[in-house]
Amino acid sequence: MNKFIAIEGVIGVGKTTLARLLKPHFDAQVLLEVFEENPFLADFYADRERYAFQTQLFFLLSRYQQQKNAVPAALNEGNLISDYTFAKDELFAWLNLKDDELAMYGRVHSALGEKIRPPDLLVYLHASHEALMQRIALRDRPYERDMDPEYIRQLAAAYEAWLANLTDIPVLKLDMTQRDVLTREEDLHDVVEAIHSAIASNGGWTAGPGEKDQPTRRQSATGSLTNFQEFHRHLDRASGADGDLFAHALGLFEEIGRLAGAIHQIRAMALSRQKQGSEGGEALQEAILAHRTAVGEDLAGLLALVLKLANDFNLDLEQSYVAKMRDNLDQNL
C-alpha cells in the first residue's frame, strides 16, 4: 500500500524543507500547506486575540479543501509526504480560541475531520526555543516579524500536550536542534533511515539516530482519566489558564446550562411527536437521536472542565472516582 507521511512541528522547525528533501527518497508526491494565502495571518501575529477566530476558520476550511481532494488522488498514484496534518488544526484552536468561538470551531472541525484520511506516520520535529527563534528570524517572513516569542513557547507546549493524547496515528519524534538536513547530507540520511525503520515496523516505534530522538509507543492507558488530566494540565499551562479555578467553574456552569437546554429540546420534541401519533418510547428515541451529537459535545465539554477543576484542586480524579464507587458498593452490599 502507498504510504502517507505527515511532518509536524512548531513554526520554524523545518517541516517544509524536510518534506521537499524527502520526496526523492520515498518516491513521493509532496503536499505543502498554503498558509501565505490566509489574509488574516499578519493581523493575527500582531493581535492574536482580535483576529484568532477569522484566522483559524480560514485555515480550517482551506486545509480541509486541500486534503479532501489532494490526499486520495496522490495516494492512488504513489506515496505522499505532507508538511502538516489536518488533525493538528484544532491544536491551534485550543490555544487561540475561547468559549463560544472554540465551541463553534469544534463542531465544524469534528464534522469535517470525519472525511479526512489520517497519515500512516506522523514525523514530529522539535527543537530548542532558541533554535526556533533563530530560524524564524533568518527566513524573515513579513507576517512573522511581529510574532511574540512567548507564543512559540506556548505552541511548543501545546504540541507536546496534543501528542500526549494522540493514540490513533504512529509518531516518530526527532530532535532537530543540532540537525541541518539542508546542508549536511549525513543529517538527512539519519532522518531518512529513521522514517524507513518506522514504516518497516508497521507502525512500531523506532528511534532515529541521535541521543535526543524519542521513540514513543502510545498505549491504551492514554485514554485513562489520569492521562486526560495530564493533557489538560499541559494545555492550560500553554494557554496561560493553568490554575484558573473560577474561570473553569464558570465554564462548567455554562456547559451545564447548555446541556439542560438540549435536554429541554429533547423533551419538547418527544412531546410533539407523541401529539402527532408516535408512541412515547419511539418519540423519545427519535428526539434523542436528533440531538445526540449536540449532547455528546456538551458532555465532552463538561468532562473537560471537570478535569480542569480536578487539576485546580490537585486531585487525581480517577482515584477519587474509584474510591467513591467502592464506597457506593460497600453501602449497597
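The values are calculated or read from the model by the stated rules, or taken from the named source; none is laboratory data. Quick caveat: nothing in here was measured; it's all calculated off a predicted structure. Ideal geometry is used to build each Cβ from the backbone, glycine not excepted, and the neighbour counts take in all protein chains shown. Please note that ligands, DNA and RNA were not included when accessible areas were found on the heavy atoms of the full protein model with its side chains. Shrake-Rupley method; radii C 1.70, N 1.55, O 1.52, S 1.80 Å.
Quick look at the values:
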| read-out | value |
| --- | --- |
| Options 317, 192, 85, ranked by Cα towards positive dipole end of the chain, top entry (Cβ charges) | 85 |
| Under 23 Å, Cα to Cα: Lys pairs in the chain, sequence gap 8 or more or different chains | 23 |
| Spin-label pair residue 54/residue 20, simplified geometry with 7 Å Cα→Cβ offset, distance in nm | 3.0 |
| Calculated on alpha-carbon atoms, Rg and Dmax of the stretch 253-333 in Å | 17.6, 52 |
| Computed Rg/Rh of the stretch 286-329, alpha carbon atoms with Kirkwood Rh | 1.17 |
| Accessible area expressed per residue, the chain, with surrounding protein chains retained (probe 1.4 Å, Å²) | 54 |
| Net length gained if the chain between residue 196 and residue 250 were fully extended (0.36 nm per residue, minus Cα distance) | 14.6 nm |
| Net charge dipole size for the stretch 57-104 [Lys, Arg +1 and Asp, Glu -1 on Cβ; Debye, nearest 20] | 140 |
| Amide N of the stretch 62-102 lying under 13 Å from the label point, which is placed 7 angstrom from the Cα of residue 151 along Cα→Cβ | 92-93, 95-97 |
| FRET efficiency, 1/(1 + (r/R0)^6) with R0 51 Å, evaluated for residue 141 and residue 274 via beta carbons | 0.25 |
| Expected 222 nm ellipticity per residue - DSSP helices of 4 or more, -39500 (n - 2.57), all of the chain, to 500 | -20500 deg cm²/dmol |
| Cα extents of the stretch 23-71 along the three principal axes, largest first (Å) | 43, 20, 13 |
| Efficiency of FRET from Cβ geometry, residue 302 and residue 327, R₀ 22 Å, rounded to 0.05 | 0.45 |
| Percent carbon-and-sulfur accessible area, the chain, ignoring ligands, DNA and RNA, probe 1.4 Å | 53 |
| Antiparallel DSSP beta bridges within the chain, as percent of all bridges there, nearest 5 | 10 |
| Equivalent ellipsoid semi-axes - Cα gyration tensor, the chain, angstrom | 39, 24, 22 |
| Share of pairwise Cα separations in the stretch 33-154, more than 25 Å, in percent | 30 |
